[in-house]
Every structure is written in structure tokens, then in C-alpha cells.
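Written below as C-alpha cells is the structure these notes are about.
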Amino acid sequence: CVPSAPRLPVASMSVVEHVREMASAGLHSNVRLLSGLLLTMSGNNPELFSPSQKYQLLVYHADSLFHDKEYRNAVSKYTMALQQKKALSKTSKVRPSTGNATSTPQSQCLPSEIEVKYKMAECYTMLKQDKDAIAILDGIPSRQRTPKINMMLANLYKKAGQERSSVTSYKEVLRQCPLALDAILGLLSLSVKGAEVASMTINIIQSIPNLDWLSVWIKAYAFVHTGDNTRAINTICSLEKKSLLRDNVDLLGSLADLYFRAGDNKNSILKFEQAQMLDPYLIKGMDVYGYLLAREGRLEDVENLGCRLFNISDQHAEPWVVSGCHSFYSKRYSRALYLGAKAIQLNSNSVQALLLKGAALRNMGRVQEAIIHFREAIRLAPCRLDCYEGLIECYLASNSIREAMVMANNVYKTLGANAQTLTLLATVCLEDPVTQEKAKTLLDKALTQRPDYIKAVVKKAELLSREQKYEDGIDLLRNALANQSDCVLHRILGDFLVAVNEYQEAMDQYSIALSLDPNDQKSLEGMQKMEKEESPTDATQEEDVDDMEGSGEEGDLEGSDSEAAQWADQEQWFGMQ
């Protein structure tokens, strides 16, 4: 709110001009102290400063409060400043004052009233009072709105669900600044056609060299926002391969996110790692990266990532989400809930934070609260399948199979028949004995499209287990593991091998599963179960030896205690995280 003005000699400057100079120099703490004292003086002697000087002092004082993040106090002072400005505009001439004996051009250089309103709106957004922010910006006539005012209005309208007003404001930003890429993303997210958005930038693309990539960039993100992950990936890959845009962190981050949405976790992790190597201070997208690492059982890596992100900034949601993922996959759901809530407090639009908190609530048995969070995640990210998966899991947990089926069918129709939506629908069908055959058909279709899609393989194996077709299940799992290694698949293969009495290979599969995820309790339980089943044979052999030696039972009991202690220690280690 500090206007630029010609600099006067220090000796001829008024005290208000000194305040303005300090504000321009960024000496906020000094401005706060001095302006506070001067405003008290003005209150005790109204004739000391002119109305314009009072207005300036109030604005500079409010700016210093804003800098100190005292937003409510700043709003109060900005409001007083606007009231003073209104009174000032009614006065035809400025009164003389003892505080400024000589009138100078600087004394008439007043802070912009529009800028004051923008700062007020910023305060309101920081206080989560979006309606008040919209109201103050709506009061600015359209012709006087700067690009940043239109951008803030567009984002606020979008958050409030006022899509038509949001589109209008984003378009106004592009009219004023045709290379405002975030405004382009805003329009695409509101279902404005890519061709229409591209037409708004065509003149600038043709007039400036080396901007030919922009039309392809718009096309790529149009695919992103329509949920066409395959074409979005292909288009961004074509951009990323161009020499001028190679190793761009934003493009790599977008690719990582798209692979994640497509269920290709391996490539998603790879792209996140590439982006991290290029920018060690990268925060955006690291919440998804941490979630993927946690799902793979790499909890030590998740913990290190969280610590690194906290060292970069604790004012972003991502470090809190990553730490929450570590807690969630360590089965510390109360802590995961707290960390998710903290992330949402920092960024209410963080989809990953909403999913974390929703999952923690669900696992704590607070299903109805979890449903609210998953619904909000769907509102913010309607093309992300994992948001729908979380909601459907809540419905199934509360035995609301009908609601789960309706939602799965809607997702299938909205996002199209791909391996992920087919598997999601099949998951619900498996819950009802009447729709078992439909589930089998859906899973076969999903695996035809993507034979390596882990969730489809897991659900098909579950179906085969119910039918006791263990040999078919073993073939399915071996084929799936031919080109990838996954803890869950190795563990299920171990279960199937036990069912056909292939104990040694089953033990090998459990071992591989635990090497991939040392916290996988089911693999550990599988190994322990096999140990118990083998122990009667071992005990019989030892008993025969004891009979021959004449010493017996005590040795067996000691051996049993030792083995039990060993497994107890191991179980404690796996469960301590």
C-alpha cells in the first residue's frame, strides 16, 4: 500500500513522510512503533494531522500489522483508514496542520484505496472468512480491478462454488495477462474447453518466439482436468522430451501425479524422485510421494522425507501429511488424525490431507465423520479415483452396500471403463453373493486391459480363494509378479502355496514380502502359523530322542520358551512403529 513518490531532502520531510519512507524501505517494526505513537497523538489532538495524513498513518500502521500476521487488528485499522478516506473525499480542500507546515507533492501522494481493499481481502482469507473477502472485492468496480484482484476473486468464487463468476474473473485475468498460466489451469479445472482457452493466448504465442510449446501445454492440462490420464501422460511426455523443456520440475511433478492417478505407482515414484533430484527444496506433490512410499512399507524413507520437508517449511500441508502417512501405516491412527487436521488447517484444499484424515477416522470407527472428508476430497478432485475409493470403503465398512454400488456405478460412468473403475466396481460386487459372477467378469476385463494392475490381481485372487481354485490363483499371481515385485502379491502367493502344501516356497514368499515391507503383519502371521504347524513334528522327533536319553520334558519347554521369546521380540519390533 506504499505509493512511490519523489524523494525529498530529509530536513524538509514531514513526520508522515518519514513513516512512508520507512514503509517503502520495509522497516515494518519501526513503522508500527512510530505510526502507533502518532495515531495516539492524533487521537488526543485531532488538529495535529490533516485527514489525508491520518489516512496514511492508518494504512501504514495496518500494513505493519499485516506483516506481523495480526490479521484481525490489521482489518480493523484498514476499515478505519477507509472511513477516513471517505471523509477525506468529502472535504474539498485539505486543512493545514501543525504536523506539516509546508504542503508538498508527497503529502498528496496517498495510498491506493483499491490496494487497501485488496489487503483487507488478504486478511479475510487468512482468517478463513472467504465471504467477507468476496464482499470487499466485489465492492471494487470492474474497471478498477487489477489482475491480482481478479485472480483472487476467481479463486474465491471457485472455492465458494460460484463457477460462472469464477470463469469470468479468470478470463479477465487472461485478457490483461495472457501468459497467466495458473489462470489457464483455473479455467480448465472449471470445464472450460481447451480450445477456447488456447484461443485466448493465440496472439501472444504468435508474437513471441519460443512459445510454440504453450498450445501443447494447454492441451496436456485439458486432458488432465477431463480425467484422460493416458493422453495427458503422452502429451506431457512429448513436452518433456523437447530440449528446451527437458528436466522441468513442474512437468515431472505433473507426470508423477498422473502416473499415480493411473495406478502406476512405480513410474510415479520414479518421476517424483527425478523431480526431487533436480530441486531438493521441492514441496509440491511430496505428500503424494510420501503416501506412495508408506504404502510400499518404506517407513524409514517416509520419516526422512518428513524431516526434510519440515526443515524446508512447516507452513505447508505437505510435511504434515507425510508425517501423518508414517503414523497411519504404523497404525497410530490418533496421531495420523491430528497431523491430517493440522495439514487441513494450513491448506483446506489439500486433497491428500483430507484423504489422510478420512482414512484415520474410518480406521478409528468414526465412519460418518470420515465420509464427510472423502466427499470434500471428491469435490476438490473429481477426477481422482482414490477419493471415491475412500468413500466406498466407508460405505462398505458401515454395510451400506447399496450406496457403495450407486457410487461405484457413477464413477464407472463418469471416469470411463478403465482397469481402475472396473476393479472398483468389482470390489463392491464381491460384497454381495448375488453379484459374484459380475465381479468376475469385471475383473477379467480389467486384467485384459492391464494384466499388471495390482488391485485387480488382488481382487481376482480373493475371488479364486473363495472358490478354492488355488492353482489358478498361483498362476495368476506368478504372472503378475513376473515383471514387478509387490509385498501384498508375494504374501497372497504364500497363502495360496500353503493351501496346496507347498510350505517351503510359501515361506520364501512370506520372506520376500517382509523384505519389501517389514511391517506387514499378515506376512509375519503367515510365517508364524507355518512354524506352529511344523512344531508338532519337531516335538515328536525331540520326544523320541528324550525317551532314549531319559531326560525330557524340561528341554522341550526351554526350547519352546526360547522360540516363543524370539518371535515375541520380532513381533514387537514389527509392531513398534
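Side notes on the structure shown:
- Residue within region 492-511 that is in contact with a Lys or Arg (Cβ under 6 Å, 6 or more places away or on another chain) and either part of a helix (DSSP H, G or I) or at pLDDT below 90 (or both) present: no
- Those residues of region 406-428 which are surrounded by 15 or more Cβ atoms within 10 Å (Cβ to Cβ) and without any contact (Cβ under 8 Å) to a residue 24 or more places away in the chain, in sequence order: Met407, Ala408, Tyr412, Leu425
- Among the residues of region 27-67, those identified as open to solvent by 50 Å² or more (accessible area, probe 1.4 Å) and touching a His at 6+ places or on another chain (Cβ under 7 Å) are His28, Arg32, His67.
- Any hit, region 424-440, residues being within 16 Å of Gly358 (Cβ to Cβ) and assigned to a helix (DSSP H, G or I): no
Each row is one residue, and each column tells you yes or no for (1) over 23 Å from Leu153 (Cβ atoms); (2) modelled with pLDDT of 95 or more.
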residue	(1), (2)
Val31	yes, yes
Ser35	yes, yes
Ser42	yes, no
Asp63	no, yes
Met80	yes, yes
Lys90	yes, no
Cys109	yes, no
Tyr118	no, yes
Ala133	no, yes
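- When Asn203, Asn210 are screened for being part of a helix (DSSP H, G or I) and either polar (S, T, N, Q) or under 29 Å from Leu385 (Cβ atoms) (or both), only Asn203 passes.
- Between Tyr221, Tyr157, Tyr170, the distinction of being among the aromatic types (Phe, Trp, Tyr), assigned to a helix (DSSP H, G or I), more than 30 Å from Lys119 (Cβ to Cβ) and open to solvent by less than 30 Å² (accessible area, probe 1.4 Å) belongs to Tyr221 only.
- Taken over region 295-331, the criterion of being among the hydrophobic types (A, V, I, L, M, F, W, C) and open to solvent by less than 20 Å² (accessible area, probe 1.4 Å) is satisfied by Leu299, Val302, Leu305, Leu309, Ala317, Val321, Val322, Cys325.
- Some residue of region 521-528 being at pLDDT below 90, open to solvent by 80 Å² or more (accessible area, probe 1.4 Å) and over 30 Å from Glu431 (Cβ atoms): no
- Count of region 258-294 residues which are buried (at least 18 other Cβ atoms within 10 Å of the Cβ) and in a helix (DSSP H, G or I): 20
The values are calculated or read from the model by the stated rules, or taken from the named source; none is laboratory data. Since we're looking at a predicted model, the values are computed, not measured. Glycine also receives a Cβ, built like all others from the backbone with ideal geometry; neighbour counts cover every protein chain displayed. To get the accessible areas, we keep the full protein, side chains included, count just its heavy atoms, and leave off ligands, DNA and RNA. Shrake-Rupley method; radii C 1.70, N 1.55, O 1.52, S 1.80 Å.
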